[in-house]
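K.L.:
Mind having a look at this structure? Questions to follow.
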Amino acid sequence: MILAIVLLDAVLPLSGLWFNDALLSRAGTWSLLPTQALFPNWSIIPLQPVPTDPAIPSPPLAWLEIILFLTVLTALFLLYLYALARLPALISRRHVMLSTVALGLLYALIPVVTSPDLFSYLIYARMGVIYHLNPLTTLPTKIQYDATYPYLYWIDQPSAYGPTWAAITCFLQWLALPLAGANNLLLPLLLLRLLGLATHLGSALLIWSISGYLQPARAEDQPGQRRRILATLAFAWNPLLLFEAAVNAHNDSTLLFLILLALWLLVRGKPVLPLYSLVTILFALAACLKINTVLLFPGLLLLLWGRGVPLRQIAFCLGLYIGCIVLLYAPFWDGGAVLDVLRVNPSASRNINTVAEFLGQLYNAAIASHFEVTIPIIGSPGERLTHTLSMGIFALCYFWLCWRALRHSWRIRTPGGLIQWLALVWLLYCALGTPWFWPWYLVTFFGLYALLEASDASRRWPLTLVRWRGVATLRRPLPFRLLSLTMLMLYGSYAWALHGAFVPFLPGFKLAYLRGPCAWLLPLLLTWLVDRLARRSNLGLDLPTTGRSNSPPVALLIQRLSLPYRLLLQSGASEQREDRLSPSSME
């Protein structure tokens, strides 16, 4: 895993991938040593914010860089799968945490970011600490002279995040200011990366603890303990989660930590009003970090309803939730100007990285080809139609899930049932409810799914839409393991080679628009292929570990190199057998 991360470190700075400098080069060129050693004559990312003459690689070299990027990610993912197949029976929680720290620090030293949001976090924090401006209502264009401004992508909108994230980032900037000065960006950037890694580790510890409460009857059972270690390891070592936490430092890692902390209190405390009040406050803090998490709070109210909590206590929790949000937003309200972000934020009207984007652009290309008209890229009829349709479908699914949880036979009565509901809602939100989608949105889902996997509840949660020969595909870990890979690969669609590549006979339809269906549907296709190969393959998994082998050296080498592939096939076959035997009712 360490070697794979170092290799990823070497590939990411190649200029044809069009990623952003993370400013580590200001502390020395040591951060680019892997790239300079493996690709000595290749052009790398510019080390200045606004390059006057950016180096554009030749088309063959640009395509080669994309192939290298995808190959390294695949190798990293196969090692991840191999670790999940071999390590749970050999390691403890302590090993999981210490190894995650080591891998996370390697990620934190990667000299690029694949998303410029990190610089937005910096400038909004500097608004509050250095310039004493309101980051929730002030545009970055007000401080164009700031050292962070040349690295920004979003310059025409205030912070899309709430008071919780503003307080956290301003505190980190306040810590860095006397140590590094006002013009030093490297220290606060590293602090944000370390914060992401720390919250990722905290979430892994919470997953370990919560899963113990979710399976108390099997606490000393060896299969239960192995499943608990497997789920914690699967979360802690997940390349997508480590990348978003320690490289891009997205605040979704902090968001997940708050949600898991609320669930931890819920599973270990007595069902009394003070406990529900504390859990409600944590959900409110999460909503004031990212407002879209208001979709999750009704799950807590449904749990209270299912447990027979009096209506006055449910109303109190709802009022406390709304009151906390109002109280936290009050210092930033600025006469209602804080609501302007809903108008200028691209998530309100744009599509990206989704099936909605693919369908909208395909519709635009078909209209442009048939009628020979020019259609704008932003705000086109196809984009507006698919955006509204996608959000409408999610709204119907969301209200159906809420109504279904109100029925007697499907009420949420336990924390395990709440976790199932939350995971399903957030997965549907990422797939349908936000046509403007980025890979880090799934961080919350993977944390919730790890709890389902640890408690074996993933085989009982109500996802039966996709089936193959009686097997509920989405009730198994494999498609979600593959989903984390395809989401990381999605960053390759923004490379220079794909920027100007178009599909023949479809005017304006870029190859990059296929990223949505590939990222979301390819895991299902690969799971289906693994199932087919698992049924047809007769490869054994017994390898000679001691003594002499009668196999030729070359045959033995091939057998050992094919071990991850054969483990994947075995995983698909065993998941099929267990799924057919598992109960299908919701907890």
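The values are calculated or read from the model by the stated rules, or taken from the named source; none is laboratory data. Bear in mind that the values here come from a model prediction, so they are computed numbers and not experimental data. Here the Cβ positions follow ideal geometry from the backbone for every residue, glycine too, while neighbour counts run over all protein chains shown.
K.L.:
Looking at LEU422, is it modelled with pLDDT of 90 or more, in a helix (DSSP H, G or I), under 21 Å from THR293 (Cα atoms) and not assigned by TED's automatic domain parsing to the domain that holds VAL11?
P.N.:
So LEU422 passes the test.
K.L.:
For VAL72, only one of the following conditions fails: (1) within 22 Å of ARG228 (Cβ to Cβ); (2) modelled with pLDDT of 95 or more. What is its number?
P.N.:
(1)
K.L.:
For the range 99-144, what are the residues that are closer than 29 Å to LEU8 by Cβ, small (Gly, Ala, Ser) and in a helix (DSSP H, G or I)?
P.N.:
Across the range 99-144, the qualifying residues are SER99, ALA102, GLY104, ALA108, SER120, ALA125.
K.L.:
If only one of ARG126, ARG94 is assigned by TED's automatic domain parsing to the domain that holds ASP156 and either farther than 30 Å from PRO140 by Cα or touching a Pro at 6+ places or on another chain (Cβ under 9 Å) (or both), which one is it?
P.N.:
Only one candidate passes the filter, namely ARG126.
K.L.:
Being small (Gly, Ala, Ser) and crowded, with 16+ Cβ neighbours inside 10 Å narrows it down to one residue among ALA368, ALA348; which is it?
P.N.:
Going through ALA368, ALA348 in turn, the sole match is ALA368.
K.L.:
If you don't mind, another one. Kindly provide the set of residues from the range 495-520 that are within 18 Å of ALA356 (Cα to Cα), part of a helix (DSSP H, G or I) and touching a residue at least 40 places away in the same chain (Cβ under 8 Å), ordered by number.
P.N.:
Selection gives TYR513, LEU514, ARG515, GLY516, PRO517, ALA519, TRP520.
K.L.:
Can I ask one more? Please verify whether the range 24-44 includes one or more residues that are at pLDDT below 90, in contact with a Phe, Trp or Tyr (Cβ under 7 Å, 6 or more places away or on another chain), crowded, with 16+ Cβ neighbours inside 10 Å and not in a helix (DSSP H, G or I).
P.N.:
no
K.L.:
Here's something else I'd like to know. Pick from ILE412, ILE377: which is of a type in the set (Val, Ile, Thr) and either surrounded by 18 or more Cβ atoms within 10 Å (Cβ to Cβ) or not assigned by TED's automatic domain parsing to the domain that holds PRO435 (or both)?
P.N.:
ILE412
K.L.:
Counting only residues that are in a helix (DSSP H, G or I) and touching an Asp or Glu at 6+ places or on another chain (Cβ under 9 Å), which one in the range 373-386 is modelled with the lowest pLDDT?
P.N.:
Filtering the range 373-386 for residues that are in a helix (DSSP H, G or I) and touching an Asp or Glu at 6+ places or on another chain (Cβ under 9 Å), the one modelled with the lowest pLDDT comes out as GLU383.
Results for (1) in contact (Cβ under 8 Å) with a residue 60 or more places away in the chain; (2) surrounded by 16 or more Cβ atoms within 10 Å (Cβ to Cβ); (3) of a type in the set (Phe, Trp, Tyr), shown as yes or no for each residue.
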{"position": "SER99", "(1), (2), (3)": "yes, yes, no"}
{"position": "TYR131", "(1), (2), (3)": "no, no, yes"}
{"position": "PRO140", "(1), (2), (3)": "no, yes, no"}
{"position": "ASP146", "(1), (2), (3)": "no, yes, no"}
{"position": "GLN173", "(1), (2), (3)": "no, yes, no"}
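Here is a yes/no grid of residues against (1) aliphatic (A, V, I, L, M); (2) in the same structural domain as TYR161 (by TED's automatic domain parsing); (3) surrounded by fewer than 19 Cβ atoms within 10 Å (Cβ to Cβ):
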| position | (1), (2), (3) |
| --- | --- |
| CYS288 | no, no, no |
| VAL294 | yes, no, yes |
| LEU304 | yes, no, no |
| VAL309 | yes, no, yes |
| ILE322 | yes, no, yes |
| ILE325 | yes, no, no |
| ALA330 | yes, no, yes |
| LEU339 | yes, no, yes |
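K.L.:
Need at least 2 residues that are free of Cβ contacts under 8 Å to residues at least 24 places away in the same chain, among the aromatic types (Phe, Trp, Tyr) and out of contact with any Leu (no Cβ under 6 Å at 6 or more places or on another chain) per element, so show me which helices (runs of 4 or more DSSP H) inside the range 267-372 make the cut, counting only ones lying wholly within it.
P.N.:
355-371
K.L.:
When ILE207 is evaluated against the numbered criteria (1) β-branched (Val, Ile, Thr); (2) surrounded by 17 or more Cβ atoms within 10 Å (Cβ to Cβ); (3) farther than 30 Å from PRO415 by Cβ, which criterion, by number, is the only one it fails?
P.N.:
(3)
K.L.:
Let me ask another. Could you give every pair whose Cβ atoms fall below 6 Å, whose first residue belongs to the range 385-405 and is free of Cβ contacts under 8 Å to residues at least 24 places away in the same chain, and whose second residue is surrounded by 16 or more Cβ atoms within 10 Å (Cβ to Cβ), counting only separations of at least 6 or pairs across chains?
P.N.:
Partner pairs satisfying both residue conditions: ARG404/TRP410.
K.L.:
Does ILE393 qualify as being in the same structural domain as GLN361 (by TED's automatic domain parsing), under 30 Å from LEU300 (Cβ atoms) and in contact with a helix residue (DSSP H, G or I) (Cβ under 8 Å, 6 or more places away or on another chain)?
P.N.:
yes
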